Amino acid sequence: MFLRKILMASLLLCGATITVAQESRFGTPATQADIDKRFWSTFPDGENLPDGQGTAMLGKPLFEEQCTICHGTPEARGENDVLFGGHGTIGTDKALATVGSYWPYATTVFNYIRKAMPYTAPMSMTNSEYYSITAYLLYENGIIGEGDVINKETLPDVKMPNAGNFIMAYPEVPEEYSIQK
Amino acid sequence: MTEKNKTLVVDPLDQAAGNGLMSRRLFLNSAIAGGATLATAGNAFAQEAVVGEGQEEWTLMPGDDLPEYGDVSRYEKGRVKRFVAPPPGLATASLSGRTPLHLLHGTITPSGLHFEVTHHGIPDIDPDRHEMVIHGMVKKPFKWNVEQLENYPTVSRQYFLECSGNTRVNWADPKPDQNFMYMTHGLVSGSEWTGVPLSTLLDECGVSPDAKWIIAEGADSGSLARSIPIDKALDDTMVAIYQNGERLRPSQGYPMRILNPGFEGNVSIKWVRSLYVTDKPVMSRFETSKYTDKLHDGKSLQFSLEMDVKSVITRPSNALSLEKRGMYEITGLAWSGRGKIAKVEVSADGGRTWAEAMLEGPIQSKMLTRFRIPWMWEGRPAILQSRAIDEFGRVQPSRKELLAARGRQAYYHYHAIHSWSINARGAVRHVFA
């Protein structure tokens, strides 16, 4: 074990000396602007969340204007994915997976709608508008209050009801769910 | 042959050069005309029929000019296609184009018949305005366009791609689906992919030893993102730029895509433009809301990335009935996301007895393998099944075993043994057996 550690350390050192001048044979060095244009991922711990903020109150009219036509309302479902309700149905044969009943991270809601919705005009709203619609979806699913401010500090702290129910299956499905006994 | 009886009407447009040099095309045409004249001209031969009598018309004249881009026979159009007619009331089935496995042979799927699932449509990307950037936990970020990628030494490998939603109808549907094989197995295909190993590009950027995941994002209108484990990225993941010898098609990620051999298709990000090296997964919609497998106890499997060992008989199948008693070849496909297929067994009695099928080589890792076995059908009812085993001894489960372990709501990663029942008249139906 100790020997392995020394070996690893010396390997890393070698690696460091060889790659002092990091070069690409045919690639071009990327600027921050190159990265910002293409990098839309935001993370559960808040990494890469943008400035801006909103509340459910502000989000409701935006949702009704931009989203209801395809996703319906909390009372009446629309043609596309249901975004409200379904609480307590996961694990039954009537599972209704929605933002509220299934999604483990609130940051995913903001991340997805900001880059992909409205479906026919993605990225067409401001960060504060997307924060507000996120707040509205969380509020209607009973997860936050109507006036709670959602921004890059508060969004990662939102606890989603189904968060504890996901099992890491890579590289191996845990024994109890494995078919290969 | 002599040309002496022939009169040529020369169209100036047909002249290829001065002093009578004509287009080669015209020569072909006039030769036919000449031939025809000759055949009827000589009275001495009048009693004798021309030798071509009874031949089909396409044998008796030169065919069409070569097309710029080859297509299937017009008689195959509409027969070999990617869609089944959507059920009445449903507007379209076009968000997933499915491979008609029951109509194909071999293991390579023609590019135009490769399955394809799109969540946000197919972008029409101008390659001159598309670049892929590697950034995050690297010493130095770089970017590449497709012409730059072309300069690297490439690798060409045959791999299957399968959507983890393939065969999902077998989880929850109360009745076995009868839409030929489109709905049950049409989301798996095999291709030769050519590209640059991702590890080559990562090496150039200098990946931090603390890196654990790479977040890949596409340039489609959903900027679809998935997290790739770093061990996979450094192993056999490639940035593919060619499929079956030609540049990727738009629906397959033109001009560049990620290809993770053996992984569920959704992770092989098409139209890739950002690779962010980091120490945690992004938890995108496609690894939380979708592509997670719901279990009977309310838990869900997440990052079930490697496709399970699986097989299916493609002939006979419910698209192809048996016409009469006699000897048939049972053939089908087997694959495993972890490696090579080691063995395929076939049963004609619903799983009571099994015989080992012949595997057609070369057997390649993470690629479709075709199996064959002769079968004498004596007109009795039968249930045909195939069961694949991979090089690690993983065995394709029965439907009962799979449902017992996972319940009926998993939606993704259905990979149980598939059953075709054959009745005394030779009609084939999909059954749950």
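The values are calculated or read from the model by the stated rules, or taken from the named source; none is laboratory data. Treat the numbers as computed from the prediction; the structure is a model and nothing was measured. Using ideal geometry, Cβ is built from the backbone for each residue, glycine included, and neighbour counts are taken over all protein chains shown. Ligands, DNA and RNA are excluded from the accessible area calculation, which covers all protein heavy atoms including side chains. Shrake-Rupley method; radii C 1.70, N 1.55, O 1.52, S 1.80 Å.
Tabulated results
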| item | result |
| --- | --- |
| Total residues in region B:211-246, condition in a strand (DSSP E or B) and either assigned by TED's automatic domain parsing to the domain that holds B:Ala334 or touching a strand residue (DSSP E or B) at 6+ places or on another chain (Cβ under 8 Å) (or both) | 17 |
| Complete set of residues in region A:105-128 that are in a loop (DSSP other than H, G, I, E, B) and either of a type in the set (Asp, Glu) or within 18 Å of the chain's Cα centre (by Cα) (or both) | A:Tyr105, A:Met117, A:Pro118, A:Tyr119, A:Pro122, A:Met123, A:Met125, A:Thr126 |
| Candidates A:Tyr131, A:Tyr102, A:Tyr139 - the one that is under 22 Å from B:Ser284 (Cα atoms), assigned to a helix (DSSP H, G or I) and out of contact with any Phe, Trp or Tyr (no Cβ under 8 Å at 6 or more places or on another chain) | A:Tyr139 |
| B:Leu320 within 14 Å of another protein chain (Cβ to nearest Cβ) and over 18 Å from the mean Cα position of the chain (by Cα) | no |
| Flag if B:Ile363 is out of contact with any helix residue (DSSP H, G or I) (no Cβ under 6 Å at 6 or more places or on another chain) and either at pLDDT below 95 or closer than 23 Å to B:Tyr414 by Cβ (or both) | no |
| Conditions (1) touching a strand residue (DSSP E or B) at 6+ places or on another chain (Cβ under 7 Å); (2) within 11 Å of chain A (Cβ to nearest Cβ); (3) basic (Lys, Arg): number failed by B:Arg387 | (2) |
| B:Ser227, sole failed condition from (1) surrounded by fewer than 20 Cβ atoms within 10 Å (Cβ to Cβ); (2) under 24 Å from B:Ile134 (Cα atoms) | (1) |
| Residue count, region B:272-290 (criterion: more than 7 Å from every other protein chain (Cβ to nearest Cβ) and open to solvent by 10 Å² or more (accessible area, probe 1.4 Å)) | 3 |
| Within region B:213-254, tally of residues that are away from chain A (no Cβ under 11 Å), closer than 19 Å to A:Pro171 by Cβ and either small (Gly, Ala, Ser) or out of contact with any Leu (no Cβ under 8 Å at 6 or more places or on another chain) (or both) | 4 |
| Evaluation of A:Pro44 against (1) more than 9 Å from every other protein chain (Cβ to nearest Cβ); (2) open to solvent by less than 70 Å² (accessible area, probe 1.4 Å); (3) at negative phi; (4) assigned to a loop (DSSP other than H, G, I, E, B) (one fails), failing number | (1) |
| Residue, nearest to the chain's Cα centre (by Cα), within region B:332-360, restricted to residues that are part of a strand (DSSP E or B) and under 15 Å from B:Ile422 (Cβ atoms) | B:Gly332 |
| Some residue of region B:137-146 being assigned to a loop (DSSP other than H, G, I, E, B), farther than 20 Å from B:Ile269 by Cβ and within 11 Å of another protein chain (Cβ to nearest Cβ) | yes |
| Residue match in region A:56-74 (condition: at pLDDT 95 or above and facing chain B (nearest Cβ under 10 Å)) | no |
| Where B:Leu403 falls short, out of the listed (1) surrounded by fewer than 21 Cβ atoms within 10 Å (Cβ to Cβ); (2) closer than 25 Å to B:Leu322 by Cβ; (3) not aromatic (Phe, Trp, Tyr) | (2) |
| Hits in region B:118-135 (condition: over 30 Å from B:Val207 (Cα atoms) and either within 14 Å of another protein chain (Cβ to nearest Cβ) or open to solvent by less than 40 Å² (accessible area, probe 1.4 Å) (or both)) | B:Thr118, B:His119, B:His120, B:Gly121, B:Pro123 |
| Of all residues in region B:136-157 being among the charged types (D, E, K, R), touching a residue at least 40 places away in the same chain (Cβ under 8 Å) and closer than 20 Å to B:Gly206 by Cα, the one that is most open to solvent (accessible area, probe 1.4 Å) | B:Lys139 |
| Region B:158-198: number of residues that are in contact with an Asp or Glu (Cβ under 7 Å, 6 or more places away or on another chain), within 18 Å of B:Phe263 (Cβ to Cβ) and open to solvent by 40 Å² or more (accessible area, probe 1.4 Å) | 1 |
| Identity of the residue in region A:143-174, within 14 Å of chain B (Cβ to nearest Cβ) and surrounded by fewer than 16 Cβ atoms within 10 Å (Cβ to Cβ), that ends up nearest to A:Ile133 (Cα to Cα) | A:Ala163 |
